[in-house]
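The values are calculated or read from the model by the stated rules, or taken from the named source; none is laboratory data. All values derive from a computational prediction rather than experimental measurement. Here the Cβ positions follow ideal geometry from the backbone for every residue, glycine too, while neighbour counts run over all protein chains shown. Just the protein is used for accessible areas: all its heavy atoms, side chains included, with ligands, DNA and RNA removed. Shrake-Rupley method; radii C 1.70, N 1.55, O 1.52, S 1.80 Å.
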Amino acid sequence: MVPVAESAQFPRPRRPEPVLITEAEPSMAEQHAHRMKRYVLTMGIRLVCLILAAVFYKIVWLMLILAILGTVLPWIAVVMANDRPPKKRLKVNHYDARPDRVLESRPAPVIEG
């Protein structure tokens, strides 16, 4: 009797992470974490702008720019946090006929009445 090969006889080397073979989008948890990081970063910039506006209160034009920026940034942060990543472009696989395989067109009959 000849022994049959088993998978246990030839163990495959394991990679630490699986290979991505699909065009799947990142998971919802990954998307949410990325959006939260962007939100926190934007709100941190807002906080810095408001603190700098208070520090530079004697330079009116700089204080106004920083205060307006600190006022607008929460709206921008919310819009960016609620936005989803753009969809990937799909490459449409069109059929291109080879010239040697194209059928010849026949003249269509014309019926006159």
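Cβ-Cβ distances below 6 Å connect the following pairs, each with a first residue in the stretch 76-88 that is touching a residue at least 24 places away in the same chain (Cβ under 8 Å), a second residue that is surrounded by 13 or more Cβ atoms within 10 Å (Cβ to Cβ), and a separation of six or more residues or different chains: 77/39; 77/42; 77/43; 80/38; 81/35; 81/39.
The residue list 72, 79 contains one member that is open to solvent by 70 Å² or more (accessible area, probe 1.4 Å) and β-branched (Val, Ile, Thr), which is 79. Take the conditions at pLDDT below 65 and farther than 16 Å from residue 71 by Cα and apply them to residue 15. Does it pass? Answer is yes for this residue.
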